[in-house]
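**Student:** The structure is given below, and queries will be raised subsequently.
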Amino acid sequence: TIDLIQRLKQYEENAFVDSKPIILSGHRGVGKSQALGSLVHWARKNGWIALYVKGYHIMTAQTNIIKNMKFKTKRGEVLWDHPVYCMRWLKGLLEAHGDKFRNIKLRTGISDLPDFKGSTVFDLVEYGSVMYFEAGSVCMHLRNEMKHCVEYPVLVCFDDVSAMSQYRTSHFGDPESPSIAPKPLKGYRFTLNYMFHEWYDEHELAYGAMVGARTGLPSSKAWDMLHCRPGLEYEIEPFTRKEADALFEFWERHKYTSIEIGGRVRDYIRCICCGSGSEMQRYAKHL
């Protein structure tokens, strides 16, 4: 995480000229999501605007899905919204960046949102946070606004790049002609996923950086999933024996485990979990 923060600082010092997308790679449970979360926390604490989405959560969200009537993919494919998830995401952005959004004027003409008369990014996000059928479109409009933002550095984080290519079978509803029909759908066809997919595709942030995470070892396929030019790739390695011991000691101090876990048991758990922090945590909790 420290290396990533130094990289982002370097990008900012150079006004994000020639900054490259970054992908974190590693096996499941080694801490990729935690690293992204730390980056988002650091960015917001240091005056950046951080847009963060977990692609896997979108793929598994148990909420209604509706057809987006305003935006399509570059290949003309229909996009689908999770209105509840989009509204929740926009409300989170208001809480984190409301003051900054008030200082950013809208740069693109927005004429397709019913009764919207706002002039700032704050007005746009606030509108989307309460408008069920328009929340997905507001997310896409926000993307178009943020790519032009120069008032603050923008950090775009997407967790689980592989969600772009995964299929999901779900129920779809059309706001104009309600219907229910289970269909398979690739992950990038969901609005929140696609706005990040297209961001990486064009790398069109005027003043910002992009970081993604994927499960697996470094591979050119990660960039193929995002349809973008190769950037920087960091491999997050499994916990070493020393790191695992420190983790177990932390859990014991905070009473996360009911018993003290000896060295041989720690080694056994680390081996069967392949050094995955989240898997070791599950085992330790049930001892």
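**Student:** Check every one of the helices (runs of 4 or more DSSP H) wholly within the stretch 231-287 and list those with 3 or more residues that are touching a residue at least 12 places away in the same chain (Cβ under 8 Å), of a type outside the set (D, E) and under 29 Å from V211 (Cβ atoms).
**Tutor:** In the stretch 231-287, the matching helices (runs of 4 or more DSSP H) lie at 241-253, 277-285.
**Student:** Kindly evaluate L36 against the criterion of being open to solvent by less than 10 Å² (accessible area, probe 1.4 Å) and either more than 15 Å from the chain's Cα centre (by Cα) or over 22 Å from P153 (Cα atoms) (or both).
**Tutor:** no
**Student:** Counting just the residues of the stretch 99-118 that are among the charged types (D, E, K, R) and not in a loop (DSSP other than H, G, I, E, B), which one comes out surrounded by the most Cβ atoms within 10 Å (Cβ to Cβ)?
**Tutor:** Ranking the candidates gives K100 first.
**Student:** Count, please, the residues in the stretch 80-97 that happen to be assigned to a helix (DSSP H, G or I) and open to solvent by 10 Å² or more (accessible area, probe 1.4 Å).
**Tutor:** Residues that pass the stated criteria total 10.
**Student:** How many residues are more than 14 Å from V30 (Cα to Cα), within 30 Å of the chain's Cα centre (by Cα) and small (G, A, S) when one looks only at the stretch 263-285?
**Tutor:** Within the stretch 263-285, residues that are more than 14 Å from V30 (Cα to Cα), within 30 Å of the chain's Cα centre (by Cα) and small (G, A, S) number 1.
**Student:** Cβ contacts < 7 Å: first residue touching a residue at least 40 places away in the same chain (Cβ under 8 Å), restricted to the stretch 123-151; second residue of a type in the set (S, T, N, Q) and not in a loop (DSSP other than H, G, I, E, B), any location; separation 6+ or different chain. Result?
**Tutor:** G136/N68; G136/T191; S137/N68; C139/T191; M140/T191
**Student:** For R28, all conditions in the list (1) over 23 Å from R143 (Cα atoms); (2) open to solvent by 50 Å² or more (accessible area, probe 1.4 Å); (3) in a helix (DSSP H, G or I) hold save one; what is the number of the exception?
**Tutor:** R28 satisfies all of (1) over 23 Å from R143 (Cα atoms); (2) open to solvent by 50 Å² or more (accessible area, probe 1.4 Å); (3) in a helix (DSSP H, G or I) except (3).
**Student:** Can you find a residue in the stretch 157-178 that is at pLDDT 75 or above, of a type in the set (S, T, Y) and either open to solvent by 10 Å² or more (accessible area, probe 1.4 Å) or under 17 Å from the mean Cα position of the chain (by Cα) (or both)?
**Tutor:** There is no residue in the stretch 157-178 that is at pLDDT 75 or above, of a type in the set (S, T, Y) and either open to solvent by 10 Å² or more (accessible area, probe 1.4 Å) or under 17 Å from the mean Cα position of the chain (by Cα) (or both).
**Student:** Could you check V125 against (1) at pLDDT below 95; (2) in a helix (DSSP H, G or I); (3) open to solvent by less than 50 Å² (accessible area, probe 1.4 Å) and say which number it fails?
**Tutor:** (1)
The values are calculated or read from the model by the stated rules, or taken from the named source; none is laboratory data. Please read all numbers here as calculations on a predicted model, not as lab measurements. Cβ coordinates were reconstructed from backbone atoms using ideal geometry, including for glycine residues, and neighbour counts include every protein chain displayed. All accessible areas refer to the heavy atoms of the entire protein, side chains included, with ligands and DNA or RNA removed. Shrake-Rupley method; radii C 1.70, N 1.55, O 1.52, S 1.80 Å.
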